[in-house]
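What follows is a set of notes on a single structure, which appears directly below.
The values are calculated or read from the model by the stated rules, or taken from the named source; none is laboratory data. Predicted model only: the values in this text are computed from it and were never measured. So basically every Cβ, Gly included, is an ideal-geometry build from the backbone, and we count neighbours across all protein chains shown. Just so you know, the surface numbers come from the protein's heavy atoms only, side chains and all, with ligands and any DNA or RNA stripped out. Shrake-Rupley method; radii C 1.70, N 1.55, O 1.52, S 1.80 Å.
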Amino acid sequence: MHIQFMLNPPKNIKDLIYNGLKSFNLKHFPDEAMQSLACVAEDPGGNFLGGLTGQIFTNTLFVEFLWLDDSNRSAGIGSKLMAEVEQQAKQLGVTDIYLDTYTFQAPGFYAKLGFEEVGRYTGFPTRGVDKIFLQKKIA
């Protein structure tokens, strides 16, 4: 056996590992397609203000990214985006929403929306910053 440590491995190595793990995992999940989603906000002139992206799988929604321009934060747009996603997700059979955030981002915002912390990496990805895992039951 030969073990090799690599910094910045080539894409084909990362793909081999990812595809092997994905193949193993799929044996344990329902045979259903994952659905991508986006929810965006625009001003009356059609200018992009921000939005979120996510993935729905069976009864779960994972919010990947939520971003608003600095000038649009604290204006209620994020809450409206999340409310719309929650309403639409319920209609698609989603019962639980999951996401993660950093301590310097928006843990208080998500707490106000009813999300509960279920885990935390401390000092990740660097000292003084934590990555927080949150979830909310919606059904």
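Amide H to amide H, which residues 5 or more places from D96 or on other chains are under 5 Å from it, using H placed in the peptide plane?
Residues meeting the amide H criterion: L61, I138.
Which trypsin sites (Lys or Arg not before Pro) in region 96-139 pass both tests, a DSSP loop state and at most 13 other beta-carbon atoms within 10 Å?
R127
What is the sum of charges, Lys and Arg at +1 and Asp and Glu at -1, for the other residues whose Cβ falls under 11 Å from the Cβ of T122?
Charge balance near T122 sits at +2.
Extension gain Q87-R127, at 0.36 nm per residue separation less the Cα-Cα distance, in nm?
Going from the current span to full extension adds 10.7 nm.
For the pair F62 and I13, how long in nm is the line joining their label points, each one 7 Å along Cα→Cβ?
2.4 nm
Quick one: pull the percent of accessible area on the chain belonging to carbon and sulfur, 1.4 Å probe, ligands and nucleic acids left out.
55 percent
With +1 on each Lys and Arg Cβ and -1 on each Asp and Glu Cβ, how big is the dipole of the chain about its Cα centre, in debye rounded to the nearest 20? Walk me through the intermediate numbers first.
Values: 13 positive and 15 negative charges, 88 e Å.
So the magnitude is around 420 debye.
Which ³J(HN,Hα) values, rounded to whole Hz and listed in residue order, are derived for region 78-94 from phi using the Karplus coefficients 6.51, -1.76 and 1.60 in 6.51 cos²θ - 1.76 cosθ + 1.60 with θ = phi - 60°, glycine and proline given as x?
x, 5, 5, 4, 5, 5, 5, 4, 4, 4, 5, 5, 4, 5, 9, x, 6
Could you tell me how far the Cα centroid of region 108-123 sits from the Cα centroid of region 4-69, in Å?
Measuring centre to centre over Cα atoms gives 20 Å.
From the phi angles alone, apply the Karplus equation (6.51, -1.76, 1.60; θ = phi - 60°) to region 112-119 and give each ³J(HN,Hα) in whole Hz, x where the residue is Gly or Pro.
5, 8, x, 6, 10, 6, 10, x
Taking θ as phi - 60°, what are the ³J(HN,Hα) couplings along region 54-68 by the Karplus curve (6.51, -1.76, 1.60), each to the nearest whole Hz, with x for Gly and Pro?
x, 9, 9, 9, 6, 9, 10, 10, 10, 7, 7, 9, 9, 9, 10
Local charge sum around N72 (other residues, Cβ-Cβ under 12 Å, Lys/Arg +1, Asp/Glu -1)?
With Lys, Arg at +1 and Asp, Glu at -1, the net is -2.
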